[in-house]
Amino acid sequence: MQIRKLPNTNLEVSVVCLGTMLFGTPVDERGAKAIVNEAYHGGVNFFDTANMYEGYTRFIGSAGKLSEEYLGKAISGHRKKSVIATKVGMAIGPNTTDRGLSRGHIKPECDRSLTRLRTDYIDIYYLHTYDFATPIEETIETMMDLIAAGKVRFWGISNFDCEQTMEVLAACDCHRWT
C-alpha cells in the first residue's frame, strides 16, 4: 500500500481510505473489527467516519452513531498508527440544535465523537455540510479552538460548493486561520 503525506500537514496516509458509513447497519461490531483488521493487514491506516453514520439506516431523532463506536473499538491498540477523519454538521436529531456548525453544536459533538472513537484527538475533523444559519467565522474560530485544545489536529470541509469554499478560504485569509 502506498503511503502519502497530506499536503501542509504531518499526516502520512494510505492512498486508500476505509469509509465506515455502513458500520452499524448492515455491518455489525464483529464485522467492523474484521474489516478494520483486514485493512490494517493490507496497509490501510486512514479511516473515515462521521458523528451521524450508523449504516444506511439513519434515524432522525435517534441517530445511533454506531460507526464511530465500532471504529473506536476496532482500532483499540492501534491508535498511533491510525489516521482518523470524522465529520460534524449533519442532522443527528429532530431539533434545530441537533445540526449545523455553530460553536454550541460543534464543541459538544467533538467531545462525543472523541468518546465514541476512544481517543484523545481527531486527526481530521470535517465540516460535513455548509450551515447557512451560522457565520463561517464562528465555525472556523471553533475549529481553531479545538485545535488549540489538542482535540483536533487538522480540519477540512465536505459537501461545500465552490462559492462556500471560497468563503471559507477568504475568512481564513482575513483572520490568518489555518
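The values are calculated or read from the model by the stated rules, or taken from the named source; none is laboratory data. These numbers come from a predicted model, not from an experiment. Using ideal geometry, Cβ is built from the backbone for each residue, glycine included, and neighbour counts are taken over all protein chains shown. Side chains are part of the model used for accessible areas, which takes the heavy atoms of the whole protein and leaves out ligands, DNA and RNA. Shrake-Rupley method; radii C 1.70, N 1.55, O 1.52, S 1.80 Å.
Annotations
- Selection from HIS78, THR49, VAL88, by position along the positive dipole direction of region 1-143 (Cβ): HIS78
- The stretch between ASN159 and ASN8 holds 52.3 nm of extra length on full extension. This uses 0.36 nm per residue minus the Cα-Cα distance.
- Local net charge near TYR130, Cβ-Cβ under 12 Å (Lys/Arg +1, Asp/Glu -1): -3
- Against the main long axis of the alpha-carbon atoms of the chain, helix 136-148 sits at an angle near 50°.
- Choice from ALA39, ALA85, ALA149 showing the highest fluctuation, given a GNM over the chain with Cα pairs closer than 10 Å: ALA149
- Cβ-defined net charge surrounding CYS172, 11 Å radius [Lys, Arg +1; Asp, Glu -1]: -3
- (1) 1.60; (2) 1.12; (3) 1.01, with the label sought being that of the calculated Cα Rg over 2.2 N^0.38 Å: (3)
- Rounded accessible area per residue of the chain, 1.4 Å, Å²: 51
- 12 Å beta-carbon shell around ASP120, net charge (K/R +1, D/E -1): +3
- Ellipticity at 222 nm from helices only: DSSP H runs of n ≥ 4 in the chain, each -39500 (n - 2.57), divided by the residue count, give -11500 deg cm²/dmol.
- Nonlocal amide H pairs with VAL83, under 5 Å, H built at 1.01 Å: PHE46, PHE47
- To the nearest ten degrees, helix 162-175 and the longest principal axis of the Cα atoms of the chain are 70 degrees apart.
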